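Taken together, the values in this text are just the output of simple stated rules run on the coordinates, not laboratory data. These numbers were taken from a predicted model, which means no experiment stands behind them. Virtual Cβ from ideal backbone geometry, glycine too; neighbours counted across all protein chains shown.
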C-alpha cells in the first residue's frame with residue numbers, strides 16, 4: 001500500500017528514517033515516497049492493460065512539479081482544471097497531446113492558453129462554454145478536440161462535497177443537452193466533438209457507482225453511433241478510493257475486472273483520471289509536538305502544523321491516522337491532536353487513543369499525499385511548509401519552506417498611506 005514503515009520502532013520512508021529528514025529540514029513538512037507513487041500508477045496501468053488507456057494524473061490532487069515529473073517520466077498524461085495547472089504541466093515537459101482540460105469555469109484566457117498549447121481535449125461542462133470554445137478556436141485558427149462531460153445522476157456514496165455526478169451538482173451536462181450538442185455539431189464548426197467524459201466524485205470505495213455511470217454512458221454512445229454520430233474517446237474520470245481508516249476499497253484489479261468488459265464493448269479509446277489513488281497514501285505530513293496540555297475535560301497534543309497546512313480533517317471531517325515518529329511504551333490515553341491556529345476547527349484528530357508523546361516528539365499524519373499541500377493556505381499569516389521526496393535512500397527538498405517575505409510578496413502599500 002505504501003512505503004512508510006517502522007524499523008526498530010522508528011518510522012521510515014523507503015530507506016530513510018523520518019527523524020533524520022526532520023533534522024535537516026525542520027517541521028512541519030510533507031514527505032513523499034517516489035516508489036509508492038510509481039507502484040500505484042503501475043497498478044492501474046497493469047489492471048487496465050486490455051484497453052490500453054491514456055492515464056492522465058489529476059493534477060489537483062497534488063500539483064508539485066517533482067510529483068508530476070515522476071509520473072510523466074512513467075508515461076502518464078495530465079488532467080488539468082486551470083491555467084495554472086496547464087503552466088505546471090508545460091513546465092514538466094508533458095506532451096500537450098497527453099493533456100485533458102476539465103473544470104466548469106474556464107476563462108477565455110485559460111481557453112486561449114489551452115488552444116495555443118495544442119492540448120488533446122477540452123472536457124466541456126456547459127453549452128455556453130462550448131460556444132466560447134468554438135469562438136476562440138475560430139479566432140485563433142484552431143480546431144481542437146472536445147469531449148462533452150455528461151452528468152449521469154449517479155450517487156457516488158461519498159462525502160457530499162466530493163460527489164460530482166448528481167443533477168444538483170454543478171458539473172457536466174444532462175444526456176438530453178449532450179445529445180442535442182452532438183446532433184447540432186454544425187453549430188460549432190471550429191470544434192471537433194469526439195468524446196464523452198464522466199466523473200462522478202472522489203474517494204469511491206466500491207464499483208457500484210462507477211458501473212452504473214459507465215453503463216449509462218455506454219448506452220448513450222450506442223444510441224449516438226446508431227444515428228451516425230462519430231465518437232472516438234471515452235474518459236471515465238477518476239475517483240478510486242484509498243484506505244484512510246477501515247475502508248475496504250476495491251483494488252485496481254477488482255475495478256478493472258468489472259468495468260473493462262464494458263469499456264471494450266464501446267470500441268472507444270479510453271482515458272482515466274486518477275489522483276488520490278496514486279498519491280494519497282504516498283505522502284505524509286510530519287509535525288512536531290509543541291505542548292501536551294491537560295484540562296479537566298480534555299487532553300490535547302498541540303503540534304506545529306495546522307489546518308493551514310492540511311485542511312481535510314476539518315473541511316471533510318476526514319479521518320487520518322496519526323502515528324509517532326518513534327514508537328514508545330508511554331501510557332495510552334485519548335487526545336485531541338490540534339494545531340496552533342486560532343480556530344476550534346484546527347485539528348488533525350479528535351478523541352484519538354494514542355501513546356502520550358513527549359514535547360518535541362515527531363508525529364506523522366498519514367495518507368496526506370492527496371489534497372494536502374495543494375489545498376494549503378497562509379491563514380494566520382503562516383508560511384507554507386516544505387515538501388520532501390525520498391528516492392531510494394536519498395531525500396530531496398522539492399519545495400522550499402516559505403519565509404515571511406513570501407507572505408507579503410505582491411502586496412503594495414499605496415502612496416496615500418505613506
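Where q = 0.16, 0.17, 0.18 Å⁻¹, what log10 of I(q)/I(0) comes from the Debye formula for the range 34-278, counting one point per Cα?
Log-scaled intensity ratios, in q order: -1.19, -1.35, -1.51.
Based solely on its DSSP helices, what 222 nm [θ] is calculated for the chain when runs of n ≥ 4 H residues each add -39,500 (n - 2.57) and the sum is averaged over all residues, nearest 500 deg cm²/dmol?
It comes out at -8500 deg cm²/dmol, rounded to the nearest 500.
Compute the FRET efficiency between residue 24 and residue 353 as 1/(1 + (r/R0)^6), taking r as their Cβ-Cβ distance and R0 = 30 Å, and round to the nearest 0.05.
0.40
Once you've got the GNM for the chain with C-alpha springs shorter than 10 Å, pick whichever of 384, 245, 60 has the biggest mean-square fluctuation.
245
Helix 127-139 sits at what angle to the longest principal axis of the chain, using alpha carbons and giving 0 to 90 degrees rounded to 10?
The answer is roughly 70 degrees.
With the contact rule set at Cα under 8 Å and sequence spacing of 6 or more, what percent relative contact order holds for the range 34-278?
21 percent
Report the full-extension gain for the segment residue 248 to residue 331: residue separation times 0.36 nm, less the Cα-Cα distance, to one decimal in nm. Kindly include the intermediate steps, with their values, before the conclusion.
On the way: separation 83, 0.36 × 83 = 29.88 nm, distance 3.02 nm.
Between residue 248 and residue 331, full extension yields an extra 26.9 nm.
Once the convex hull of the C-alpha atoms of the chain is built, how many Å³ does it hold per residue, rounded to a whole number?
Per residue, the Cα convex hull of the chain comes to 165 Å³.
Can you give the angle from 0 to 90° between the axis of helix 252-266 and the longest principal axis of the chain, with both taken from C-alpha atoms, to the nearest 10?
Its long axis makes an angle of about 10 degrees.
In degrees from 0 to 90, rounded to the nearest 10, what is the angle of the helix 34-47 Cα long axis to the longest principal axis of the chain?
The two axes meet at around 30 degrees.
Assuming R0 = 35 Å, can you tell me the calculated FRET efficiency for the pair residue 229 and residue 408, based on Cβ-Cβ distance, to the nearest 0.05?
For residue 229 and residue 408, the calculated efficiency is 0.05.
Regarding the range 18-71, what whole-number volume in Å³ per residue does the convex hull of its Cα atoms give? Don't jump to the answer; show the numbers that get you there.
Working: hull volume 4.8 nm³, N = 54.
Once divided by residue count, the hull of the range 18-71 is 90 Å³.
Distance from a point 7 Å along Cα→Cβ of residue 142 to each backbone N in the range 67-84: keep the residues under 13 Å and list them by number.
83, by backbone N distance to the label point.
Provide 303, 104 in ascending order of the number of other Cβ atoms located within 10 Å of each residue's Cβ, fewest first.
Ranked by crowding around the Cβ, least crowded first: 104, 303.
Sort 118-131, 82-95 by the packing proxy (mean of other Cβ within 10 Å over each peptide's residues), most packed first. Working shown, then result.
On the way: 118-131: 20.8, 82-95: 17.2.
Packing order, densest peptide first, comes out as 118-131, 82-95.
I want the antiparallel fraction of DSSP beta bridges within the chain, as a percent rounded to 5. Before the final figure, lay out each step's value.
On the way: 35 of 69 bridges.
Taking every DSSP beta bridge with both residues in the chain, the antiparallel ones total about 50 percent.
Picking from 287, 251, 344, which is most flexible by a Gaussian network model of the chain using Cα springs under 10 Å?
344
Among 222, 72, 81, determine the one that fluctuates most according to a GNM of the chain built with springs between C-alpha atoms less than 10 Å apart.
Highest fluctuation of the listed residues: 222.
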